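> Submitted below is the structure of interest, expressed as structure tokens.
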Amino acid sequence: MADSSFDIVSKIDRQEVDNALGQAAREVATRYDFKGTGATIEWKGEEAIEISASADDRASAVLDVFQGKLVKRGVSLKVLDASEPRQSGQTSKIAIALKEGISSENAKKISKLIRDEGPKGVKAQIQGDELRVSSKKRDDLQSVIALVKEQDYDFAVQFTNYR
């Protein structure tokens with residue numbers, strides 16, 4: 001019998017992030033407490049989002065609105081790497097970078113966790129920015145998924161290609 005396997009990845013659903021950004025931009029444009037603050041949220045290239053407003057607290061409020069929209073759309077907040085509000089002339093700006101992929105050191109941590117605490121006979125291989133986990137028994141794979149979900153990593157984790 002062939003081995004069963006799945007991949008552990010950290011990917012961003014760009015469409016969901018774009019939809020959340022659009023919803024947040026519409027809400028910021030129409031909400032009374034943002035009137036006259038010059039509050040905006042927009043894409044800056046492929047991998048970054050920029051929030052600008054007249055004051056630090058307003059920029060932080062726009063970030064809260066955006067995070068709420070992401071949560072409602074099922075996107076983990078761990079994909080966001082938001083900077084502290086910084087003054088740029090008359091406006092306050094927050095730069096948000098989107099984090100995608102599992103770094104090699106994080107992949108090694110997960111692999112070590114699976115080796116040490118996972119069931120016997122489960123193999124984990126690092127493949128670029130993802131991790132392939134394979135085993136002869138599907139039940140072992142289910143317990144590895146539960147084990148990885150219990151951990152609190154500083155990056156979003158998804159499980160794909162379960163066969």
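> Need the failing condition index for G121 against (1) under 22 Å from A29 (Cα atoms); (2) in a loop (DSSP other than H, G, I, E, B), just the number.
Only one criterion is unmet by G121, namely (1).
> Being at pLDDT 95 or above and charged (D, E, K, R) is true for just one of K35, K44, K72. Which residue is that?
Sole residue among the options that is at pLDDT 95 or above and charged (D, E, K, R): K72.
> Filter region 59-88 down to the residues that are of a type in the set (V, I, T), surrounded by 13 or more Cβ atoms within 10 Å (Cβ to Cβ) and within 13 Å of L21 (Cα to Cα) and list them by number.
V62, V65, V75 - these are the residues of region 59-88 that are of a type in the set (V, I, T), surrounded by 13 or more Cβ atoms within 10 Å (Cβ to Cβ) and within 13 Å of L21 (Cα to Cα).
> In addition: Among all residue pairs at least 6 apart or on different chains, which show Cβ distances below 6 Å where the first residue, located in region 125-146, is at pLDDT 90 or above and the second is assigned to a helix (DSSP H, G or I)?
Listed by first residue and then by second, the contacts come to I126/A107; L131/A107; L131/I110; V133/V144; S135/L141; V144/I114.
> Which one of K78, K44 is of a type outside the set (A, V, I, L, M) and either under 28 Å from V122 (Cβ atoms) or in the same structural domain as Q151 (by TED's automatic domain parsing) (or both)?
Step by step, each of K78, K44 is checked, and only K78 is of a type outside the set (A, V, I, L, M) and either under 28 Å from V122 (Cβ atoms) or in the same structural domain as Q151 (by TED's automatic domain parsing) (or both).
> Checking the conditions here, which among K35, K69, K44 is touching a residue at least 40 places away in the same chain (Cβ under 8 Å), over 30 Å from I145 (Cβ atoms) and basic (K, R)?
Going through K35, K69, K44 in turn, the sole match is K44.
The values are calculated or read from the model by the stated rules, or taken from the named source; none is laboratory data. Keep in mind the model is a prediction, meaning the values are calculated, not measured. Because the Cβ atoms are built from the backbone with ideal geometry, glycine has one as well, and the counts that use them run over all protein chains shown.
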